[in-house]
Every structure is written in structure tokens, then in C-alpha cells.
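The values are calculated or read from the model by the stated rules, or taken from the named source; none is laboratory data. Computed from a predicted model, the values in this text were never measured in an experiment. For neighbour counting, all protein chains shown are included, and Cβ atoms are generated from backbone atoms with ideal geometry for every residue, glycine included. Side chains included, ligands, DNA and RNA excluded: accessible areas come from the protein's heavy atoms. Shrake-Rupley method; radii C 1.70, N 1.55, O 1.52, S 1.80 Å.
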Amino acid sequence: MFMSQCCKIVSAYGNMPLPVDKKPKKVTVILNPAANKRNSKSDFEKYCAPLLYLAGYSVTVLTTEREGGARSLVENLIGETDALIVAGGDGTLSEVVTGLLRRLKGDISLTEHLPIGILPLGHTNNVARQLLQPQDDNHVHFLTNATMAIINEVNSAHPVVKIENLESQNPEKCVYALNSIEWGALREAKVTRDQYWYFGKLRDLAAFVFGNKLIHYTLEADLEYSPPCSGCSNCYKKINSAMNKSSGLFSWISWAFSFNRNSGGIDYSKVINPECSNYSKVPIKTFNVNINLDVKQTPVLQINVCPENISYSEFVKEGYSKFRNENSKIQNFIIEAKDVTVTPHIDEENKWLSIDNEDYEVKPMRLSLLPNAVYLFKPDNSINKKKNDQESSLSLDKFKNHIGLKQFV
């Protein structure tokens, strides 16, 4: 009933006539069929694709075939498109953003012409939850409201974290994250989760119950960081420098894209903040460190440094709370920063960390916070999102008033 009502609402928009000199908007879907135990493709075709087609969109679906495939698809994308839609989890989203910014040579001034929609079809959908703020745990509601957010044609700027491997021979091959970077014992336990599939819903807990050897895991590194900054002349110079290295526009970016977006008119080249370029250095010795992108009025990198030693019971409780997206149960040392350089003390190879739940080898790296780096589709706050089993989250009248049933212009 919910899907039927959503389809009726969207078809009212999709049935509007289009001027003869205009073409239907084109969207490219990057679908990860392996996401969420290989259920992502069927969920997309059942709950998301019908709404996109009924809205009158010209939809191209590109399917990933391997790890890193989403990044390659975007880097080598041919033809015009008005928006990218990520059908997967946080890892797929990170790959798409990485592919886009690599293709643009890191020039974030061009991303506003190609907004990104998120269809939360992965196992981990933290970015989508932050952006869409679902009102319940119903998976169908989550997917349809994510699709509606794209059709509503509203997007806003979102920060990303630029991660540079300081030992790489190709410095332009950066990775971009929108959620978190984790290194340590908790991360090592999490990646073993699927080994305990026979425990069913308890496999999350089993990964930590049987990970008792990891309580002796110790990592050491030096952190060099600058304080948070809402924007100043120093930040402006860095962004300008990156833009000057850009190779220009690509033919597949649509300059006629008419989606609404929030914008700011602050001239940061005239804002002076002497603290922005002051760096502090601190050594850490811990069993786990997590660097989260905290999205608020002034985005920051929140560095959570756990204690050096914890008990077995604390390890199990802390790990399980992570899977349940609950606050930490132990006292962490917290640092807020804008840029961070991590220099690990590693005597052996094959140490791994997670970037948006994707595995990367531990190397010296520089993390830079890029505000307003990409544009993500989001719900329009002017529309009432409350829903129940008998009622769609978008009433036809409000949907008409919001978009004016406008033609593509």
C-alpha cells in the first residue's frame, strides 16, 4: 500500500509534458550487487527503480563487478548525466565520491553540477541515516524516502575527508571518505564478523566474544593536527591551489542542471584566523583509534583515542555497542581537528585500517577536511515526513506545492 501510494504521487509528476526543446533528466545509478548479502539488486528493482522511471527520469544502471569497481566506473564514465545515484552502502558511496573527485582532479568547485543521491542498500548506511534521518526501522520506508529525496530535487553541500598516502608514487590517487577511518582491535574484530555466520543475529557479538586475543593489540602513532576552522583566508588559498591544478570541465557534466541547493555567500578570502595554520603534535598508544567526520555547523574531524589497555569484558561491551551505533562505554581521549597527519610506528607489514568500512593498508597519511565538497540529495524540511502504514510520507498536495509540478527548465 505504501509503495502504491508513492507510485501514484510520483507518476503525477512524471506525466507532466516536457517542452520539445528539452530532454528528460538523465541519472546514472552505480549499483553494488554484492551489498547487503546480495539483496541490493532485488531491493533496488522492487522499491527504487519504479519510482525513478515513473518520475520521468532516463535511468542508466551500471553494476560493479569487483572491489573498487564503483570508483573505476565513475572515473571512466562516458556520456552525459545529470546526477549520480549510489545504490549500496558507505563503502560504495566512498568509492563513487573518490572516482568523481579523481576525475575532476580534486576540484570541488565542479561537484555542484553533479549531485549525488544515496539509496541505502548496503549493510552499513551511516551516511544515509545522518542525511535522511529515518523515523523508523522499516527498510521499505527508508528506501522509498531516499528515492523521494532524489525526485524532490533538493540537495545541499556536504563535507568529505581527503586521505593522502604520503608514501604513494601517485599523490593524485587520493581516497575520499564521508564517514570514518578506524584502526585497531575493534576494527580487527569487526572484519571477522562474517566468520561467525552460524550464530545468526548473534554473530556481531560473537566476533568480540571470541576475539579475546585482540585485547593485547597495541598501535602507536604520531598525530599532527590543526584546530577546527569554519573557513578563512588560509583555507581559501588551499582550495584555490587545488582548483588551479584542475584540468577543467568534462563534457558529461550538465551545466543546465536545475536542482535546488543551499548556498552560502561568505567570502572566506577576507576572513582571518591565525589559529588555522597552527599545528599540534601528540603521540598516541592505544588499542583502537577512530576518526569520524562530525557533520555540524562547522564540520570537524573527531579523533577518538581509546585507552592503551582494557579488560576483556570492556572489549566485548565496547565492540558490541559499536555495531549497535551506541555511544562509547569507555573513556576516550577526544581531539577535534580540521587536518590530521598520522605517522604510524609499524615494524611489520600487512597492518590494515578501514575507510568507510573498506580495507586499506596502514601507511603514513594526511587527512584533510574539505567543506562543501560534494552535493547530496536530502529530504526537504518543508515537507512533513511523518508516516504510518496507511499513509505515504509525501501527500500529493504538498508534493505538488513543493515542486509546482514544474517542467524541466
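Here are the numbers for the structure shown:
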quantity	calculated
Segment Ser230-Asp137, extension gain: residue separation times 0.36 nm, minus the distance between their alpha carbons	30.1 nm
Share of pairwise Cα separations in the stretch 1-132, more than 26 Å, in percent	24
Accessible-area composition of the stretch 165-206, carbon plus sulfur, in percent [1.4 Å probe]	51
In sequence order, calculated HN-Hα J values of the stretch 353-359 (Karplus, 6.51, -1.76, 1.60; Hz; x Gly/Pro)	9, 10, 10, 6, 6, 10, 8
Largest-first ordering by accessible area, 1.4 Å probe, given options Ser280, Ser11	Ser280, Ser11
Cα gyration tensor category, rounded, prolate or oblate, for the stretch 154-228 with a/c compared to 1.5	prolate
Sequence of Lys351, Lys338, Lys213, Lys8 from largest to smallest accessible area, 1.4 Å probe	Lys213, Lys8, Lys351, Lys338
Of Pro134, His123, Pro171, farthest towards positive along the dipole that unit charges on Lys, Arg, Asp, Glu beta carbons give the stretch 76-219	His123
Size descriptor, Kirkwood hydrodynamic radius, that averages inverse alpha-carbon separations across the stretch 313-357, Å	13.7
Sequence of Trp197, Trp183 when ordered by accessible area, the most exposed leading, probe 1.4 angstrom	Trp197, Trp183
Thr147 accessible area, assembled protein chains, probe 1.4 Å, Å²	0
Cross-link pairs beyond the 32 Å C-alpha cut-off, checked among Lys8/Lys378; Lys23/Lys105; Lys26/Lys270; Lys162/Lys201; Lys201/Lys351; Lys26/Lys46	Lys26/Lys270; Lys162/Lys201
For the stretch 141-197: rounded, prolate or oblate by the Cα gyration tensor [a/c cutoff 1.5]	oblate
Proportion of all alpha-carbon pairs of the stretch 274-349 beyond 21 Å (%)	39
